[in-house]
Amino acid sequence: MLCNLSSKTKRILILGAGFGGISAANLLRNNPTIASKGHQITIIDQKDYFMMGLVNLWILNGIRTLEDSKISLSKLEDKGIRFLHDEVTAINVISKTVTIGRASNLKLEYDYLVIALGAEFALEEVNGFSENGGINLYDADQIPSLREKLLSLKNGRIAICITSIPYKCPPAPYEASLLINDMLLKNGSRDSVYVDIYTPTPIALPVAGTKISQSVVNMLNDNDIHFHPSHKIKEVLDKGKIDFENGKRVDYDILIGIPPHKAPVVIRNSGLIKQGQNYMSVDKYTLKTEYENVFAIGDVNEIKVNGNIFIPKAGIFAEAQAKVVSQLIIDDIETNNLSLSSSRFDGKGFCFMETGNQQAGYVAADFYNEEGPATSLESPSKESYKKKIDFERRRLSEWF
Ligand SMILES: Cc1cc2nc3c(=O)[nH]c(=O)nc-3n(C[C@H](O)[C@H](O)[C@H](O)COP(=O)(O)OP(=O)(O)OC[C@H]3O[C@@H](n4cnc5c(N)ncnc54)[C@H](O)[C@@H]3O)c2cc1C
């Protein structure tokens, strides 16, 4: 029985070719067992290209262009990973099938399913935002025109608004404000432009704790960026005004938003979100869902650490979880007994927080630390900036 099953060709389906999905596909493909036994790896995405989220900030400050940053997902085919450019429209964990394509309704069967569909944006939930010229910092396509707008602003107010939590890469809005500060300095307009950053939370980075939050606020203060905690947008009005739920009204000339996030529609429509939760539930160590051979990695899952702290939505965690799940699948194929695998997610991650002038701080976190989440921040340096550049370069060369 064990022999028959382990020699049978398995169909591994990965939904979403983002940070987590691409890492998982590569780790599986590079494994000798998977390669030699002809197990099939299929990855599906509605986009036909990959670009790391952090590149948005490099397009913003002009060190990259949007066109130069997109990598065709069809390159995965050269590595023996089957890529389907299509939309996932339904997931049925009982019949073990995934439906793709609105028109074709093609059904794919799987032996293992890795759900890595990320999170969707929901700016429509912020009254008046899009109608009144708000720009989504997290939508790469909007960044080139944001850059133009910032460079042509000679005086006025820039409002950067975190609209709700959780959102991807918690330090990113603060990085953006510091990079904008740098751009305006170089442009000669900094003295006549106010930069304000608003967040609904009482501290800058709840997930990193009060100490790091204060260090971030100090960095903002040092650069004359005004930090406004406990400001949740109620409504964006025409004529450049924002009303907040705390009763304050402020002016803006350029409004930059970090959108509300939600689980992808196909996950919600397929009944994969439990009542009272916003994302997929998984085992915090194995990323297994309650459904047989179904794993959920990256932004699409929610892993509570303690209190109101959840594993942040970040590529580094999507990648770490991809490693765990790939090894679990490999071990299960080899032994036909998932419980024999020791592959476990350790809750550790890091990120480089850019501060302008080609410098970056280094934030490290251990969310499963026994005494509670442990985080640290190293002061900005040129060395960490170089490591951030290398972070992207190394992964792209491994993956494509
Ligand atoms: C400005 C910015 C800066 C960031 N900086 C960092 C950083 O410095 N470090 C870091 O670790 N993280 C960073 N992140 C966060 C990081 O990009 C995400 O957390 C990471 O991409 C999550 O990986 P994922 O695989 O879960 O989802 P994603 O990478 O979002 O991939 C999900 C994929 O699923 C696809 N998809 C969704 N629904 C469907 C469907 N129905 N059918 C087919 N395909 C579908 C999407 O097209 C997408 O390609 C940053 C993000 C932003 C926006």
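Checked against (1) open to solvent by less than 50 Å² (accessible area, probe 1.4 Å); (2) under 24 Å from the mean Cα position of the chain (by Cα); (3) within 13 Å of the ligand (Cβ to nearest atom), Gly101 passes all but a single condition, namely (2). If you go through the range 320-331 and keep only what is touching a residue at least 60 places away in the same chain (Cβ under 8 Å) and within 16 Å of the ligand (Cβ to nearest atom), you end up with Gln321, Ala322, Lys323, Val325, Ser326.
Exactly one of these conditions fails for Gly276: (1) in the same structural domain as Ile14 (by TED's automatic domain parsing); (2) away from the ligand (no atom under 16 Å from the Cβ); (3) surrounded by 16 or more Cβ atoms within 10 Å (Cβ to Cβ); (4) not basic (Lys, Arg). Give me its number. Unmet for Gly276, out of (1) in the same structural domain as Ile14 (by TED's automatic domain parsing); (2) away from the ligand (no atom under 16 Å from the Cβ); (3) surrounded by 16 or more Cβ atoms within 10 Å (Cβ to Cβ); (4) not basic (Lys, Arg): (3). Report, by residue number, each residue of the range 146-170 that is within 26 Å of Lys248 (Cα to Cα), open to solvent by 40 Å² or more (accessible area, probe 1.4 Å) and within 16 Å of the chain's Cα centre (by Cα). Of everything in the range 146-170, those that are within 26 Å of Lys248 (Cα to Cα), open to solvent by 40 Å² or more (accessible area, probe 1.4 Å) and within 16 Å of the chain's Cα centre (by Cα) turn out to be Ile165, Pro166.
Being closer than 25 Å to Arg394 by Cβ, charged (D, E, K, R) and either within 17 Å of the chain's Cα centre (by Cα) or within 16 Å of the ligand (Cβ to nearest atom) (or both) is a property that does not hold for Lys262. Residues that are more than 26 Å from Tyr112 (Cβ to Cβ) number at least 1 in the following helices (runs of 4 or more DSSP H) confined to the range 32-101: 55-60, 66-69. Between Phe317, Phe345, Phe350, the distinction of being assigned to a strand (DSSP E or B) and in contact (Cβ under 8 Å) with a residue 24 or more places away in the chain belongs to Phe350 only. For the range 294-304, the count of residues that are out of contact with any strand residue (DSSP E or B) (no Cβ under 7 Å at 6 or more places or on another chain) and assigned by TED's automatic domain parsing to the domain that holds Val114 is nonzero. In this entry, Asn187 is excluded by the filter for residues that are over 25 Å from the mean Cα position of the chain (by Cα), free of Cβ contacts under 8 Å to residues at least 12 places away in the same chain, surrounded by fewer than 17 Cβ atoms within 10 Å (Cβ to Cβ) and more than 16 Å from the ligand (Cβ to nearest atom). Taking every residue in the range 268-282 that is farther than 14 Å from Ile115 by Cα and pairing it with any residue that is among the polar types (S, T, N, Q), at least 6 positions away or on another chain, the pairs with Cβ-Cβ distances below 9 Å are Asn269/Thr89; Lys274/Ser281. For the range 53-93, the candidate set comprises residues that are without any contact (Cβ under 8 Å) to a residue 12 or more places away in the chain and among the hydrophobic types (A, V, I, L, M, F, W, C); within that set, the residue that is farthest from the ligand (Cβ to nearest atom) is Ile63. Of the helices (runs of 4 or more DSSP H) lying entirely inside the range 141-239, those containing at least 1 residues that are under 26 Å from Gly128 (Cα atoms) and of a type in the set (Asp, Glu) span 143-152, 172-187. I need the full set of residues from the range 32-52 which are within 9 Å of the ligand (Cβ to nearest atom) and among the polar types (S, T, N, Q), in order please. Of everything in the range 32-52, just one residue is within 9 Å of the ligand (Cβ to nearest atom) and among the polar types (S, T, N, Q), namely Gln46. Within the range 70-90, at least one residue is closer than 14 Å to Ala140 by Cβ and in contact with a strand residue (DSSP E or B) (Cβ under 9 Å, 6 or more places away or on another chain). Total residues in the range 356-369 satisfying the condition of being more than 16 Å from Ala208 (Cα to Cα), open to solvent by 40 Å² or more (accessible area, probe 1.4 Å) and either out of contact with any strand residue (DSSP E or B) (no Cβ under 6 Å at 6 or more places or on another chain) or modelled with pLDDT under 95 (or both): the figure is 2.
The values are calculated or read from the model by the stated rules, or taken from the named source; none is laboratory data. The model shown is predicted, which means the values in this text are computed figures rather than measured ones. Please note: Cβ atoms are built from the backbone with ideal geometry, for glycine as well, and neighbour counts cover all protein chains shown. Ligands, DNA and RNA are excluded from the accessible area calculation, which covers all protein heavy atoms including side chains. Shrake-Rupley method; radii C 1.70, N 1.55, O 1.52, S 1.80 Å.
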